[in-house]
Amino acid sequence: MSLNVLVAGASGFLGTHLTQVLEARGHTVTPLVRREPEAGQVRWDPEAGEVPQDAIEAADVVVNLAGSPTAGNPHSASWARELRESRVRGTATLADAIAASDRKPAFLAGNGISYYGDHGRDPLDETADSRGDALLTDVTRDWQAATEPARAAGARVCILRTSPVLDDAAPPLQQLVWIFKLGLGARLGPGNQYFPCISLRDWTGAVAFLAEDERLSGPVNLCCPSTPTNAEFTAALASAVGRRARLFVPTPVLSVGAGRMAPELLNSVNAVPRVLLDAGFDFADVDIRDILATALR
C-alpha cells in the first residue's frame, strides 16, 4: 500500500536518505520546510507552533527529524537551550496537530538512544528505565513527552530512539575516519563503555519498516543487534582504515574538553533493538565490523 508521508527535517542527512528509500518503496513524500515552499513542499513554523492542518489530514504518516545540530560548543548555554527547544517545539507542534486531526496519522517522532543514560553492561531493550541528568538524556525525556498529545488522542506513535548513524558522508564517522587515518585514533576513557550505533541503510530501512507496519508503536531502539564497547569500536575502525590505535584519552581530559557532551562518550548504553527484532526486521549490518564495512565501502 502506498503511503502519504509528511517529513519534517527532510533536507537533512537522514531526511534526504529516508526520502529516497520511502520513494523507492512506492510512497509519496511531502517535505515540511520553514522557507518559502517549492512545488510538492509544505511550509510550517515550529517556533510559532504552526503547521497547515490540511497537510496533516492528507498524511498517513508524519515523520519528525527536525532539530538543531548536536555538533556545537558543549560549553555554551545557548547551544544547549536551542538543542532542547528546537526538538521539543517541533515535536509538540506536530503532536498537537495530529491530536486535532480527524485522520490521526501515525507519528514517527525522532529521539535519541541517550534516553537510557549510563547502565553499565546491562542489556537495554525498550522497556529499560532512563537514568541520570546528562544533557542529552534530559533532552530526550522532554522530546518524548512532547509526543503525548498525539498518543493520548489515539494516534500510533513510534519514538525513534536513534543511535549514532555511521556513514563516511556524515558526522561522526566522517571526522573519525580522518583522525584514525592519521594514526591518532584513541580509546576513550576506560573503553569498556558500550557505544550503540547503526548503519545508514539499516536506519532508513527500519524507519520505513515502522511507517509501513501498523502493529508497531511506542519506543523503538534504532541500533545494531550487537552493540560494541568503545574499545571494540576503536579497534574495528583502526583495522578498517589500515592503522593501529594505541592511544587513549583519559576520563578527566574528556570530562573537561567535551563538557556537557562528555556523558555521550563515557556513559555505557548496551542497547538492544528488541522491538525491531521481534517484529521481524532483517538487519543488514549486525555488528560494528559490518557497519564499518558498509559505511566505508
| Once the principal axes of the Cα atoms of region 35-148 are found, what is the range along each, listed largest first in whole angstroms? | 47, 33, 21
| remark: 1/(1 + (r/R0)^6) with r = Cβ-Cβ of GLU23 and GLN53, R0 = 30 Å, i.e. FRET efficiency to nearest 0.05, evaluates to 0.75
| task | Using the charge dipole of region 4-295 (Lys, Arg: +1 at Cβ; Asp, Glu: -1 at Cβ; taken about the Cα centre), state which of ALA39, VAL256, GLY280 has its Cα farthest towards the positive end. | result | VAL256
| task | Calculate how large, on average over all directions, the projected area of the Cα convex hull of region 79-214 is; give the answer in nm² to one decimal. | result | 10.0 nm²
| query | Between SER226 and ALA169, what FRET efficiency follows from the Cβ-Cβ distance if R0 is 22 Å, with the result rounded to 0.05? | reply | 0.40
| For region 168-297: Kirkwood Rh in Å [reciprocal of mean 1/r, alpha carbons] | 15.7 Å
| query | Once the mean 1/r over all distinct Cα pairs of region 33-102 is inverted, what Kirkwood radius in angstroms do you read off? | reply | 13.3 Å
| message | How large is the Kirkwood hydrodynamic radius of region 4-295, counting all unique pairs of alpha carbons, in Å? | response | 19.5 Å
| note | Rounded to one decimal in nm, the spacing of the 7 Å Cα→Cβ label points at LEU296 and ASP129 is 4.0 nm
| Any idea how far the Cα center of region 32-48 sits from the one of region 174-239, in Å? | 32 Å
| Point-to-point label distance, ARG243-TRP178, nm (Cα→Cβ direction, 7 Å offset) | 1.2 nm
| task | Starting with the highest mean, order 35-41, 150-156 by the number of other Cβ atoms within 10 Å, averaged over the residues of each peptide. | result | 150-156, 35-41
| For PHE13 and THR251, FRET efficiency with R0 = 35 Å and r from the beta-carbon atoms, rounded to 0.05? | 0.70
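Only the coordinates and a few stated rules stand behind these numbers; no lab work does. Just so it is clear, the structure is predicted and the values come from calculations on it, not from any experiment. Counting neighbours? That spans all protein chains shown, and the Cβs are built from the backbone with ideal geometry, glycine included.
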